[in-house]
1. From the backbone phi of segment A:253-262, what are the Karplus-calculated ³J(HN,Hα) couplings (6.51 cos²θ - 1.76 cosθ + 1.60, θ = phi - 60°) in whole Hz, Gly and Pro given as x?
2. Residue by residue through segment A:64-71, which ³J(HN,Hα) values in whole Hz follow from phi under the Karplus form 6.51 cos²θ - 1.76 cosθ + 1.60 (θ = phi - 60°), with glycine and proline marked x?
3. Calculate, for residue B:81 and residue A:39, the FRET efficiency according to 1/(1 + (r/R0)^6) with r their C-beta to C-beta distance and R0 56 Å; round to the nearest 0.05.
4. Against the 2.2 N^0.38 Å scaling, with N counting residues, where does segment A:229-376 land? I'd like the Cα-based Rg ratio to two decimal places.
5. Compare the Cα positions of B:195, A:47, A:1 along the charge dipole of the protein assembly as shown (+1 at Cβ of Lys, Arg; -1 at Cβ of Asp, Glu; about the Cα centre) and return the one farthest towards the positive end.
6. Label position 7 Å from Cα toward Cβ: report the copy-to-copy distances for residue B:118 in nm, one decimal, ordered from shortest.
7. Have a look at A:148, A:88, A:104 and report the one farthest towards the positive end of the charge dipole of segment A:64-156, computed about the Cα centre with Cβ charges (Lys/Arg +1, Asp/Glu -1).
8. Between copies, how far does the label point of residue B:168 sit from its twins, in nm, shortest first, when each point is 7 Å from Cα along Cα→Cβ?
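Every number here is computed from the coordinates shown, using simple stated rules; none is lab data. As the structure is a prediction and not an experimental result, all values here were calculated from the model. When we count neighbours, we look across all protein chains shown, and the Cβ atoms used for this are built from the backbone with ideal geometry, even at glycine.
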Protein chains: 2
Amino acid sequence: MIQETSKYLRSLGVIRPTVILDKPQILRNIKKMAQKARISGVKFRPHFKTHQSHTIGDWFRECGARAISVSSLDMAQYFTDRGWRDITIALLANILEIDKINVLSSTIRLNLIVDSMAMVQALHAGLKYPVKIWLKIDVGYERTGATWDDTQTIVSIAKAVLHYPKMHFVGLLAHSGQSYRARSTEQVRQVYNQTVKRMRFVRKILHGYGVKKCKISVGDTPTCSVIENLSAVDEIRPGNFVFNDLMQEQIGSCQPNEIAIGVACPVIGKYAQRQQIVIIGGAVHLSKEYIVDRQGKRLFGYITDLEGDSLGSIYKTTPVRTLSQEHGCIQIDDRDLFDQIEVGNLILISPVHSCLTCNLFTKYKTLQGEIISRLY
Amino acid sequence: MIQETSKYLRSLGVIRPTVILDKPQILRNIKKMAQKARISGVKFRPHFKTHQSHTIGDWFRECGARAISVSSLDMAQYFTDRGWRDITIALLANILEIDKINVLSSTIRLNLIVDSMAMVQALHAGLKYPVKIWLKIDVGYERTGATWDDTQTIVSIAKAVLHYPKMHFVGLLAHSGQSYRARSTEQVRQVYNQTVKRMRFVRKILHGYGVKKCKISVGDTPTCSVIENLSAVDEIRPGNFVFNDLMQEQIGSCQPNEIAIGVACPVIGKYAQRQQIVIIGGAVHLSKEYIVDRQGKRLFGYITDLEGDSLGSIYKTTPVRTLSQEHGCIQIDDRDLFDQIEVGNLILISPVHSCLTCNLFTKYKTLQGEIISRLY
């Protein structure tokens, strides 16, 4: 199939490293998550940092999404320009960008995240229009957020937000990034259950201090993909599931056939003695994110293939073992497969972390040849 | 100094992650390498993939550079548009881009690299205008190139190149990327000496087969920075030295004060209990390249500072310990330093690998406030 895949990619006009999208699979991924949110009765606020594309955003809208998450104010502006009117900047507020905040909050329902009094006070000093405020809670990831059992800090920040007229307190927000350390769906479930338990604990504390309206927002692809019923929370913000990748598959939050992207890369070198091929497909195309395989070795991707005009099998005997700036070096122990690949072919690489891979490109190409632009 | 640095960066209008250049230090780095090439009597063909900027390219031209290396045909076109007329695509030729090759070779002196008969024959079939051809030799890095002692392959490829009228054989080219595994200048010297020995061995073999004119081109920043006299080769192609970074400093190929870039990042979170601060400065700003410190721990950067309007000290007690898509989490065990940093500050991060970091941005800003565009 390697030669058929190469020919098909050539027929699309691919000559350089190119992110290839399996659009029907992307639509299935979106529909599945949107439906789960609907059945669970939770608000679907997908994170658009993974795709950063007007067109792919439209596919979400067609599946019912009306609110989104983004990771910068520039990204919020980009999607505001496409008609999105309810956006969360899913990162602690950057008070240095107060002018951009004021531009956005004058036209859309802008949601900001805080976790410190310093930030609340700086926002109070700079805000011109009302914004929605979420209090970030650290439920175990230890990155940002007030620690879930640090009642004093949580209560004082919530009270300050409630006190300032331009800040409308909405609720508590968590990102359980520790789910990415899970290596089984059971471990993902534990992360989710702990997250819900701790978020409800905080909500109860705030209730005791008179905060009666307090939503709970969570968002990471592993928990949102694995948990069947998410009704214990009010809002979900997963992003990666739109494309998925090898990391999600290793965690158990997607099946191999749910990975909806590949990176087409030209083969430039073939080395029979070490059974390696070298592609133009390096750190500037795939990113240096890696996973560790069962032998304890790092890898940056696997060769994948097409089945008709869909993404097909992933060849787990073909790890991208080393990655320099523009080169990827693939170990192919399967001699038959090695013999099929020639210099000048295009091969598809299933990436480790689709968010970081896509961030290195300015556009996508679907398997039907459609070019899809993205923010850059 | 943290507060002074933050104020200075604010005065430059920085509000988002921004690559900051110390232009006088960059000029010193360029002059030093250009002078070494001149004194050694070797051709200086700096690799422009590190900066990918017309303006910074001009600084090289002012220091006497007339030939360059790039890592893609699009990058070659970008620099051709700025008047460069002698360019090596320092990557095995991508025969799928034969049309771009023909456009470039119709106007400039284009140098391509080959290491297989398949590639030579595909070029022969597609070339419209003469190009210079270098034969890539693998001197120990085990990425691309004909293995230095594989005489049969080397001779047959060289003969084929000499046979085809549109290919002008220039010589042998190596990239001793194994120098990046060195952790002392002594180890770098060993890599260089072995490279020279093996390249001369190959040249002698070819001489015996009637190949009388055969240049030797090498190029990696560690060897070119460490070796005082490079006259054993004909051409050098280092790139990273223009900016340097923590990886070069760890190898011993630059001094801390020769690192000429930093990434300005807003502080968005501060966590007294774990003595950590969180910045907007993640994998999409710094890249996931890391080095390992003396304690065996991975790190993605250190806080650095300004001294006047130059880059100053690097605080080695401030490792960026974890990196997610947009967040960097910095461990600051020095309590005094930790206490100086506030949410809303801008801090400078000294990056691990400047090539990959700069690739994530579309422009630079100098410490004098000049905006410098780059290819994207």
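1. Per-residue couplings from phi come out as 8, 8, 8, x, 6, 8, 6, 10, 9, x Hz.
2. Coupling constants for segment A:64-71: x, 5, 10, 10, 9, 10, 9, 10 Hz.
3. That pair, residue B:81 with residue A:39, gives E of 0.50.
4. In units of the globular-protein estimate, segment A:229-376 measures up at 1.08.
5. Most positive-ward Cα: A:47.
6. 5.6
7. Result: A:104, furthest along the dipole toward the positive end.
8. 7.1
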